[in-house]
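Take a look at the structure set out below.
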Amino acid sequence: MSLQQWHKNGWLKLHNTTPLQIKELWEIAERDLKDAQTARLSSDWQFGIAYNAALKLCAILLYAEGYRADKNLAHYRTLQSLPYVLGKEHQEDADYLDTCRVKRNTAEYDLAPPI
């Protein structure tokens, strides 16, 4: 499979990325990483904010390849694109981030114990 095949499957959309978009995503990731360290926040919120930073960094990589994830399963596709952009050796990283995605969704949408 490849990003091109994902595009053919309708999972990705072509995206004309601008340097400004990359800069803005980078700034969001930096802000979120800083904010996630705020001691006054619950661990759930810290985790959610750190997750958002990771998602933005993966989006930067995908945008740099000329794609963006379709709205259906956008977070999943963005995270799982990591090994297609950086190489197969990053599959474990993508899987870890997907585990974080599931935990974040549980904390965000379900009544779950704290992270």
**Subset of the range 79-115 that is farther than 20 Å from I60 by Cα and among the aliphatic types (A, V, I, L, M) - its residue that is modelled with the highest pLDDT** = V102
**Item:** Residues located in the range 56-75, provided they are under 21 Å from T106 (Cα atoms) and either in contact (Cβ under 8 Å) with a residue 40 or more places away in the chain or assigned to a loop (DSSP other than H, G, I, E, B) (or both)
**Value:** K71, N72, L73
**Complete:** Taking the range 77-115 and keeping only residues that are touching a Lys or Arg at 6+ places or on another chain (Cβ under 9 Å), farther than 20 Å from T17 by Cα and either in contact (Cβ under 8 Å) with a residue 40 or more places away in the chain or outside any loop (DSSP other than H, G, I, E, B) (or both), one is left with I115
**Message:** Can you tell me which of (1) touching a helix residue (DSSP H, G or I) at 6+ places or on another chain (Cβ under 8 Å); (2) within 23 Å of A107 (Cβ to Cβ); (3) in a helix (DSSP H, G or I) is the one K34 doesn't meet?
**Reply:** (1)
**Prompt:** When the residues of the range 54-92 are filtered to those that are of a type in the set (G, A, S) and surrounded by 19 or more Cβ atoms within 10 Å (Cβ to Cβ), which remaining residue is nearest to Q37 (Cα to Cα)?
**Reply:** A54
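The values are calculated or read from the model by the stated rules, or taken from the named source; none is laboratory data. Source: prediction; values computed, not measured. Virtual Cβ from ideal backbone geometry, glycine too; neighbours counted across all protein chains shown.
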